[in-house]
Amino acid sequence: MTEEKKKSKERPAEKTAAKKQPATATEDKHPKEAHADKAKNSPQPQETRSEAPEIRPGDELKVYYRVIEAGKERTQTYEGTAIAIKNTGASRTVTVRKNSFGIAVERIFPLNSKLVQKIEVKKHTQVRRAKLFYLRKLKGKASRLKELR
């Protein structure tokens, strides 16, 4: 064999011996510094509202929502039943379902958004579930909920 071929065969062995093996497999995949940098660079969570009322699933709500159309701003009210509440803290949302001219409409409102001006609880109702998606199948009087007294 020529000397060049001998050198090319020796080089891969030298490279593998020169590589440093991590003590554990997780060290190589997830360096500790990367987690610290992510925590520092992540945006601060939005502050939660203190004036928001306690909302539970099944409550009849009246949401005052700020709408901007064609450069003009107005407040739109949305009345309906809270069928789902998701998350906690700054990313908290509530799904409100209303019946508009015989057609059911659902809308998701972020509770800590500046577009949501005010939320009023009209009445509390008695429910046994956290998510009231079964109301989507019901129509008319069947979709009524008992009021808490």
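Taken together, the values in this text are just the output of simple stated rules run on the coordinates, not laboratory data. If you're wondering where the values come from, they're calculated on a predicted model, not measured in any experiment. Don't worry about glycine lacking a Cβ; one is built from the backbone with ideal geometry, like all the others, and counts go over all protein chains shown.
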query = Between their Cα atoms, which of LYS86/LYS141; LYS98/LYS123; LYS123/LYS146 are more than 18 Å away from each other?
reply = LYS86/LYS141
note = If ILE83, ILE55 are placed from fewest to most neighbouring beta carbons inside 10 Å, the sequence is ILE55, ILE83
inquiry  = Order these by the 10 Å Cβ neighbour count, fewest first: THR95, THR48.
reply    = THR48, THR95
request  = Name the shape class, rounded, prolate or oblate, that the alpha-carbon gyration tensor gives for the stretch 60-129, where a ≥ b ≥ c are the square roots of its eigenvalues, rounded holds for a/c under 1.5, and otherwise prolate holds if a/b is larger than b/c and oblate otherwise.
outcome  = oblate
